[in-house]
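Shown next, in structure tokens, is the structure this report addresses.
The values are calculated or read from the model by the stated rules, or taken from the named source; none is laboratory data. Given the structure is predicted, the values throughout are model-derived calculations rather than measurements. In this analysis, Cβ positions are derived from the backbone assuming ideal geometry, glycine residues included, and neighbour counts consider all displayed protein chains. In case anyone asks, the SASA skips ligands and DNA or RNA and just uses the protein heavy atoms, side chains included. Shrake-Rupley method; radii C 1.70, N 1.55, O 1.52, S 1.80 Å.
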Amino acid sequence: MDHPIIEIKNITKTYRLGGEDVHALDDVSITIQKGEFIAIIGPSGSGKSTLMNMIGCLDQPDSGQYFLDGEEMVRMNDNGLASVRNKKIGFIFQNFNLLPKLTAWENVELPLVYSGLPTKERRKMAYDSLNKVGLGERANHLPTQLSGGQQQRVAIARALVGNPPILLADEPTGALDSKTSKEILDILRELNSQEHTIILITHDMEIAKNAGRMISIQDGKLIMDEGDRIGNSAINQNGHKEYQKQ
């Protein structure tokens, strides 16, 4: 059997704020298989952003283990983490993070600039990625010439351009209206059907329901995981497995 694409074991992360220790993550363990569509949900300050940073190799835990595609990330140096991010994780952000003076295809091409690929090949990959999200005809438009939904499609195309196995989407519909949000979620579902592992970070339960599995975090602790198969768990009234509070 293949190893999980993500395996987090007993991760903790503590920050010192205002003279007090804040436990952003407190003994969190999660296993994610290849091809899953996961929603990580929690209110502001719950620890979900810290967890996202751990999964995305943007931060390191104080203790615990993190295996990404079978490779241990903890104690890996910055260059090693940057290399893993570049090859295995595509990031999609709430505010798109597009460079305003670059066209759509130039924004999409950007992650490939330091890859050593020839310019012609990079450009073809960028156009192919834009076509996947239905924006091939807008390749030469600047972000200011695109709607919010179109800008997010460009951001998704940029995340896809290197064909990473994991797409990490941080509140990808947070800046969009409900109709456009549905369109973006439809794209994520389609990408998931193409075997991309999708990890969606959100505070919105309605958005989270679009995923195949929901993980809830609060005060740095995992309080519910629909995919949990181990540990001290119980079935709650909605039929989900929920961690029993000690």
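Dipole magnitude for the range 27-83: about 160 debye, using +1 per Lys or Arg Cβ and -1 per Asp or Glu Cβ, origin at the Cα centre.
Principal-axis analysis of the Cα atoms of the chain puts helix 78-88 at an angle of about 70° to the longest axis.
Roughly how big is the range 39-154's charge dipole about its Cα centre, with Cβ charges of +1 (Lys, Arg) and -1 (Asp, Glu), in debye to the nearest 20?
With Lys and Arg at +1 and Asp and Glu at -1, about 420 debye.
Would the range 39-179 count as rounded, prolate or oblate if I go by the C-alpha gyration tensor, calling it rounded below 1.5 in a/c and otherwise prolate when a/b exceeds b/c, oblate otherwise? Oblate shape, in that a/c is at least 1.5 and b/c is the bigger or equal ratio. Using the Cβ-Cβ distance between LEU142 and LYS9 with R0 set to 51 Å, the FRET efficiency from 1/(1 + (r/R0)^6) comes to roughly 0.70. For the chain, the solvent-accessible area works out to 51 Å² per residue, with a probe of 1.4 Å and every protein chain left in place.
How large is the dipole of the chain about the Cα centre if only Lys and Arg carry +1 and Asp and Glu carry -1, each at its Cβ, rounded to the nearest 20 debye?
660 debye
Taking 0.36 nm per residue of separation and subtracting the current Cα-Cα distance, fully stretching the chain between GLU71 and ASN86 would add 3.9 nm.
Paramagnetic label reach from ASP128 (point 7 Å along Cα→Cβ; backbone nitrogen cut-off under 17 Å): within the range 146-172, residues 157-166. Beyond 21 Å between alpha-carbons counts as too far, so tell me which of LYS9/LYS34; LYS101/LYS179; LYS179/LYS221; LYS101/LYS132; LYS87/LYS132 fall in that bin. From LYS9/LYS34; LYS101/LYS179; LYS179/LYS221; LYS101/LYS132; LYS87/LYS132, over 21 Å: LYS101/LYS179; LYS179/LYS221; LYS101/LYS132.
Ignoring ligands, DNA and RNA, what percent of the 1.4 Å accessible area of the range 54-112 is carbon and sulfur? Of all accessible area on the range 54-112, carbon and sulfur atoms account for 49 percent. Label separation (ASP2 vs ASP59): 2.9 nm, computed from points 7 Å beyond Cα along the C-beta direction.
Remark: relative contact order (the chain) = 26 percent; criterion is Cα-Cα distance under 8 angstrom and separation of 6 or more residues. DSSP assigns beta bridges within the chain; of those with both partners inside it, close to 55 percent run antiparallel.
Considering only C-alpha atoms, what is the centroid distance from the range 1-56 to the range 68-108, in Å? Cα centroid of the range 1-56 versus Cα centroid of the range 68-108: 18 Å apart.
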